[in-house]
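See below for the structure under consideration.
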Amino acid sequence: MSAPKSEYLCKVLVLGDLGVGKTSIVQRYVHNIYSQCYRATIGVDFALKMVTWDKDTMVRLQLWDIAGQERFGHMTRLYYRQAAGALVVCDLGRAATLQSVHRWKEDLDSKVSLKNGNPIPTLLIGNKCDLIPYGGHSQQLEELGQQLGFTDCHMTSAKVTTVYMIGGGGSSARGRGHN
Ligand code: GDP
Ligand code: MG
């Protein structure tokens, strides 16, 4: 295979309260692993994911995982500098983490923007969907995402890779991957 003609570096911030699963999501996405406990580092953890965009284009996705600084509820302008996008993560099992989503979004938008002044693309991620009944909170998450001007919102689980519904609607049985 020939080498890609262009390579882009893309800085993506991963924000949200302590314990919502930021590190777990990054580790799952980059290394496809899940662990119950990660070392509590102080500072920032970086993870790099190479994404083949098309045959000529490679994207180096640099994920900035805040580590141990969540308790402040905000980050420095320097940290946000030149970010191309962000995830704001909340824990679907802990309502308080949904309530602090707006603080993270406000902090982000006040400290970084695109060249044209628009907010950077930001996804609202509801993590730990394996812990809640199927579809629970999805409407609340969507409303929150729209109200606060997120680009899109998704529910996910860093722990369980397969959550599927058997049969349609109503009371559902769920299959789960083993991790
Ligand atoms: P962070 O502080 O936001 O980086 O959160 P961590 O990634 O350290 O996760 C905090 C805790 O939640 C850990 O015990 C994880 O194992 C757990 N956790 C993370 N993601 C999930 C998930 O999708 N489902 C469940 N059930 N637990 C999760
Ligand atoms: Mg962490």
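I need the full set of residues from the range 2-27 which are hydrophobic (A, V, I, L, M, F, W, C) and more than 21 Å from M50 (Cβ to Cβ), in order please. Step through it out loud before you land on a result.
Let us first name the residues in the range 2-27 that are hydrophobic (A, V, I, L, M, F, W, C), namely 3, 9-10, 12-15, 18, 20, 25-26.
Matches in the range 2-27: L15, L18, V20.
Listed here are the residues, each with its yes/no results for (1) within 10 Å of ligand 1 (Cβ to nearest atom); (2) among the aromatic types (F, W, Y); (3) within 17 Å of the chain's Cα centre (by Cα); (4) closer than 17 Å to L148 by Cβ.
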| residue | (1), (2), (3), (4) |
| --- | --- |
| L61 | no, no, yes, no |
| G93 | yes, no, yes, no |
| L98 | no, no, yes, yes |
| V101 | no, no, yes, yes |
| N118 | no, no, no, yes |
| P133 | no, no, no, no |
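Going through I132, I120 one at a time, which residue ends up being out of contact with any strand residue (DSSP E or B) (no Cβ under 7 Å at 6 or more places or on another chain), more than 12 Å from G16 (Cα to Cα) and β-branched (V, I, T)?
The conditions single out I132.
Answer yes if at least one residue in the range 138-159 is among the aromatic types (F, W, Y) and either within 14 Å of ligand 1 (Cβ to nearest atom) or modelled with pLDDT of 95 or more (or both), and no otherwise.
yes
From the list A83, A95, which residue is touching a strand residue (DSSP E or B) at 6+ places or on another chain (Cβ under 9 Å) and either small (G, A, S) or at pLDDT below 85 (or both)?
Result: A83 is the single residue among A83, A95 that is touching a strand residue (DSSP E or B) at 6+ places or on another chain (Cβ under 9 Å) and either small (G, A, S) or at pLDDT below 85 (or both).
Criterion first (more than 9 Å from ligand 2 (Cβ to nearest atom) and either under 21 Å from R81 (Cβ atoms) or modelled with pLDDT under 95 (or both)) does K22 satisfy it?
no
Does at least one position in the range 36-48 carry a residue that is in a helix (DSSP H, G or I), touching a Lys or Arg at 6+ places or on another chain (Cβ under 7 Å) and surrounded by fewer than 16 Cβ atoms within 10 Å (Cβ to Cβ)?
no
The values are calculated or read from the model by the stated rules, or taken from the named source; none is laboratory data. Keep in mind it's a predicted model, so treat the numbers as computed, not measured. When we count neighbours, we look across all protein chains shown, and the Cβ atoms used for this are built from the backbone with ideal geometry, even at glycine.
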